[in-house]
Amino acid sequence: MLIAAALVALPALTLLALLFSRFDWPHRVVPFGIFFCCLGLAGAGLEQLENFWGPITKVLPFGLPWLKAHFHVDNLASLFLLIVNLPAAAVAWFSSSYLAHLPEKRRVTPFLPLFIFAMNMVVIADDAFIFLLSWEFMSLTSWAMVLYQHQDPENRKAALVYLIMALFGTLCLLLSFGLMAGGEGDYTFATMRSAEMSAFSGFLVVLLAILGAGSKAGVAPLHAWLPLAHPAAPSPVSALMSGVMTKVALYGLIRILFDLHGKVAWQWGAALMVLGGVTAVLGVLYAVLQDDLKRLLAYSTVENVGIVLIGLGLSLAFKADERFSLATLALIASLYHVINHSVFKTLLFLGSGSVQASTGMRSLAGLGGLLKRMPWTGGTFLVGAAAISALPPLNGFVSEWMILQALFKGPDSPHWAMKFGVPVVGVLLALSVALAATCFVRAFGVAFLGRPRSSQAAQAVEVSGGMLLPMVVLAGLCVVLGVIPVTVTNALAVVVQPLTGTQLAVSGSLGWPWLAPVSDLRGSYSGTVLVLLGVLLFLLGIALARLIGVRGKRVAEAWDCGHREDIPQAQYSAASFAQPLRRVFGTAFFQVEETVTMPPPGSLLPARHRLTLVDPIWSGIYQRIAALVSAIADRVNPLQHLTIRRYLLLMFVTLIVFLLVVAVRQQL
């Protein structure tokens, strides 16, 4: 069977990389092996979506002593097999050339296939033990690659924060699954679907699922690890973590809330919707102020996860109110955005990796003028930037437009919290979209346009074809997913139908290629027609220019206030571009500190301007928790150096305490 063969081959590639780690050839062979495995898994997911086999169920004789290993591939799992493995295949092909730029390839190559293996195992797991084991394995393998540059203290800090948050998420999911399994201790998903839970247990299941999966996805305020870990890892790993791993976390959340639990109250939908809106705005505000290109992309992932949460929250609220068509629409829109983000965020991280491989830097302050020197990288990065900015006719616009269409129906809810909350979330979504466009105009303009701001940027050259090809393919997918949205929504309707109980034709009665999710008379859109009209107008413009335009050419110097200016530092910079937003939001959302040092008159010392930007969630929550944990550890540390007598006394006291607890419980 194709899925089993590909999953067995991935750990075998790790063994190959370990056995021949002293040689250079495994670092080229292993990525190509990953590529073919991912293509096989993506093909299997696509076939399952087209109902070639029907649901696949396998039970293997290993796992816990009383629980065998259960695997199941339904429509939702098959969709995420496609979401995981298409970007992973592109990353694998990119890595075959990119790994040559890394001084310590041996710290990446063995873990890469295991990371992809673990993500696929999470998707096909059908019991809590396999799910959590794969989830933790996914965290540990990615942590090992985040710790790639372990000599750097900042890198070690990023890896430690990531590991702590990963353990926290796993603990929350373990408790959530335990509550769904109940006292019988049957951890299969089939049993959980039919289990009856009390209102309080159901409340805790949803809360723990949001905390557990949300911490891995990057939901605010659990996002603090993400902008630390993603820039620390090599670019292919960053692309997988941001473009794929966060989608596996969202898969876990969807699986619990829509499938295993199945009876989530509308209040949770409203809360998740508001949480998504806040996450989207905070993520993009952080992104627009960043100078590090990879950190900017990491914060942008927080924004897009927030957009997905808006759709999921809407769907839960509509489903609880038995407005199943709208619940289906919102869930289709969310899954569409999951697909889109996995494509264009992977593309953007690979583009940042190409920039770093060519220039050796990620700081926007040192880049500039790269489009002339790296035209293919710049062109594909521009497509990804336009897609993530939700510009039609690219794919990012379609999914965000559909979420807005679902939001427009929110005020019709019978609950006053939804009537007032939905318009607020709509404003937050619109604000996040506008700020995302600002963010990526800044990122692309400063990095690829203008003049080089450093010698490294001036000497940049285009990367190899092995790194360009996957970026071109992903850029093409951004276009295709935007031009033929009805084909995608029809496939997603099949996936969503078992989760909401309704199959919705998003095109309405208009048919292909129109999207009409709410009404045939208003709110319709067709990326196909838009592209055809655009091409027609473009050709018409060329024809008119040739017929009535001036045929002669005149070459003149570029106008620059009447004189030529060759100082690259005089052009608009990333900091100056973000200054208005920093002035508006800096004191309210960020701990911005500006220090200006002006020398006295007559002094030859330079004036200095220092800007410090701190994530208040990090300083206000996580640093204090870290300080508390360190203080407790310092207090507990002497317990490691007790005598034998004191250890025996400690064990005796512990036994007495537990016996007292049991006795009190029996009396109650």
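The values are calculated or read from the model by the stated rules, or taken from the named source; none is laboratory data. Everything numeric here is computed off the predicted structure, so don't read it as measured data. So basically every Cβ, Gly included, is an ideal-geometry build from the backbone, and we count neighbours across all protein chains shown. Surface accessibility is based on the protein's heavy atoms, side chains included, excluding ligands, DNA and RNA. Shrake-Rupley method; radii C 1.70, N 1.55, O 1.52, S 1.80 Å.
How much length is gained if the chain between ARG22 and GLN640 is pulled fully straight, taking 0.36 nm per residue apart and subtracting their Cα-Cα distance, in nm to one decimal?
Difference between extended and current length: 218.5 nm.
Take the alpha-carbon centre of segment 330-374, take the same for segment 161-197, and report the distance between them in whole Å.
35
Would you mind working out the accessible area per residue for segment 1-145, using a 1.4 Å probe, and quoting it in Å²?
41
For the chain, take the convex hull of the Cα atoms, compute a quarter of its surface area, and give me that in nm², please.
Answer in nm², one decimal: 39.3.
Over the chain, with every protein chain in place, what whole percent of the accessible area is carbon and sulfur at 1.4 Å, could you tell me?
About 68 percent, which is the carbon plus sulfur part of the accessible surface.
Projected onto the charge dipole of the chain (+1 at Lys/Arg Cβ, -1 at Asp/Glu Cβ, origin at the Cα centre), which of SER215, GLY202, LEU331 gives the Cα projection farthest towards the positive end?
Ranked along the dipole, the leading option is SER215.
Quick one: Karplus J couplings for segment 324-335, per residue in order, coefficients 6.51, -1.76, 1.60, θ = phi - 60°, nearest Hz, x for Gly and Pro?
Residue by residue, segment 324-335 yields 5, 5, 5, 4, 5, 4, 5, 6, 4, 4, 5, 5 Hz.
Rounded to the nearest 500, what is the 222 nm mean residue ellipticity of the chain from helices alone, with -39500 (n - 2.57) per DSSP H run of 4+ residues and division by all residues?
Value at 222 nm, helices only, nearest 500: -22500 deg cm²/dmol.
Could you tell me the number of lysine pairs in the chain with C-alpha atoms less than 23 Å from each other, where the two lysines are 8 or more residues apart or belong to different chains?
Close lysine pairs under the 23 Å cut-off: 21.
Can you work out the accessible area per residue across segment 332-434, with the rest of the protein chains kept in place, probe 1.4 Å, in square angstrom?
On a per-residue basis, 29 Å².
Which chymotrypsin sites (Phe, Trp or Tyr not before Pro) in segment 137-242 sit in a loop by DSSP (not H, G, I, E or B) and have at most 10 other Cβ atoms within 10 Å of their own Cβ?
Loop-located and lightly packed - none at all.
Under 5 Å between amide H atoms, partner at least 5 residues away or on a different chain: which partners does GLN591 have, H built in plane at 1.01 Å?
VAL614
Ignoring trypsin sites (Lys or Arg not before Pro) that are buried or in helix or strand per DSSP, and keeping those with at most 13 other beta carbon atoms within 10 Å, what is the longest stretch of the chain between them?
Between the exposed loop sites, the longest stretch runs 264-521.
First obtain the Kirkwood hydrodynamic radius of segment 627-666 from its Cα pairs, then insert it into the Stokes-Einstein equation at 25 °C and 0.890 mPa s, and state the resulting D in µm² per second as a whole number.
Answer, rounded: 204 µm²/s.
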